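Notes follow the structure.
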Amino acid sequence: LQEAVRRLQNIGFLVYAPELPWSRRRGFDVSYEQSLVEIGLAVAELRGKGAGRVALAGHGLGANAALAYIATRGGIFAFVALAPAPDPDRHRDVFIADLRKAREMSASGRGGERSLFTDFSLGRDYDLSTTAEVYLSYNDPEGVAVMPRMAGLLKQPLPVLWVVGAHDQLMRLGRSYCFDKLPRHPRSDYREVDADHSSVPRAAAVAVAEWLRDMAMSPEK
C-alpha cells in the first residue's frame, strides 16, 4: 500500500498504516477479533489527529478485516478493498483437518497452545505456527472472516471501491461473490486492473487516490 499512501499524503490526506497481525514480522500473533480492535485504535488515532471522516483501505487480508470492522463497528465513510483475501469458506477442504485439530485443542483447554496448522496464501498452502484459538479465529468457515456474511450484515450503504487483479486467482470469484452483496451506493465501483494479487495496490494507487479525493470532497450524508 506504500504507493497509495504516498499519493494520498501528497494530496493532503492524513494517513495511518499500522502493521497488523498477518504481517510477515508478526506472523498471526493475535486473533482476527484482536485485529479488529487494532483497526479501531488506528481509527481513533486518526480522529484524535483531527480526521472528521475516516475511510478504510486494505489489501488482501487487510481488506477482509476492514470489511469485518465496518460490518461490526461502523462509523466509516468509505472503503477501499484491494484484492480482498479469500475467506475460509472458499477453502473449507484445505482447512478441515486442522480446524478439527484446533477445535479439539480448544475443547480440551489447550486453545492457547502453539502448533502447526495449514494456511493458504497466493494459491498454495503452507505450515503456520500459531495457537489453536488464533487459527480458528481466522479460518472458521462460520466466523467473521467470511466476507459475504459480513457484507450481509451491513445495514447502511457506503461508497466502496473494490479492485481486483486480472492475473489474480481471486478474479474468478467475480463481483457477485461479495461486492454485489454490499448495500448499493451510487458512488461504489468495481474495477479490474492489469496486476497479480501482490501488485494490485501499486497498479491501483492512482485510482485509489483519485476516488478517495472525490469521496472526501462529497457532502457528508
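Remarks
- The antiparallel fraction among DSSP beta bridges confined to the chain stands at about 35%.
- Loop-located GluC sites (Glu not before Pro) in segment 157-221 (DSSP state other than H, G, I, E, B) with a sparse environment of at most 15 neighbouring Cβ atoms within 10 Å: 220.
- Modelled spin labels at residue 206 and residue 19, positioned 7 Å past Cα toward Cβ, are 3.2 nm from each other.
- Computed on the chain, with alpha-carbon pairs under 8 angstrom and 6+ residues apart, the relative contact order is 21 percent.
- Computed FRET value (nearest 0.05) for residue 185 with residue 51, which takes r as the C-beta separation and R₀ as 22 Å: 0.60
- Carbon and sulfur %, accessible surface of the chain computed with the full protein complex present, 1.4 Å: 49 percent
- Taking 0.890 mPa s as the viscosity and 25 °C as the temperature, the Stokes-Einstein diffusion coefficient of segment 94-221 based on its alpha-carbon Kirkwood radius rounds to 142 µm²/s.
- Measure of compaction for the chain (Cα Rg per 2.2 N^0.38 Å): 1.01
- Whole-Hz Karplus values for segment 126-132 come out as 8, 8, 10, 9, 7, 8, 4 Hz, taken residue by residue from phi with 6.51 cos²θ - 1.76 cosθ + 1.60 and θ = phi - 60°; glycine and proline positions read x.
- Extended-chain gain in nm, criterion 0.36 nm per residue less alpha-carbon gap, residue 142 and residue 129: 2.5 nm
- Stretching the chain fully between residue 213 and residue 198 yields a gain of 3.0 nm (0.36 nm per residue, less the alpha carbon separation).
- Difference of contour (0.36 nm per residue) and Cα-Cα distance, residue 37 to residue 116: 25.9 nm
- Restricting the calculation to Cα atoms, every distinct pair contributes to the Kirkwood radius of segment 70-159, found to be 14.5 Å.
- Taken per residue, the accessible surface of the chain reaches 51 Å², heavy atoms only and a 1.4 Å probe.
- Percent of Cα-Cα distances greater than 22 Å, calculated over segment 4-118: 43 percent
The values are calculated or read from the model by the stated rules, or taken from the named source; none is laboratory data. Remember, it's a predicted structure, so these values are computed and weren't measured experimentally. All Cβ positions, even for glycine, are placed from backbone atoms using ideal geometry, and neighbour counts span all protein chains on display. The accessibility values were calculated without ligands, DNA or RNA, using every heavy atom of the protein model including side chains. Shrake-Rupley method; radii C 1.70, N 1.55, O 1.52, S 1.80 Å.
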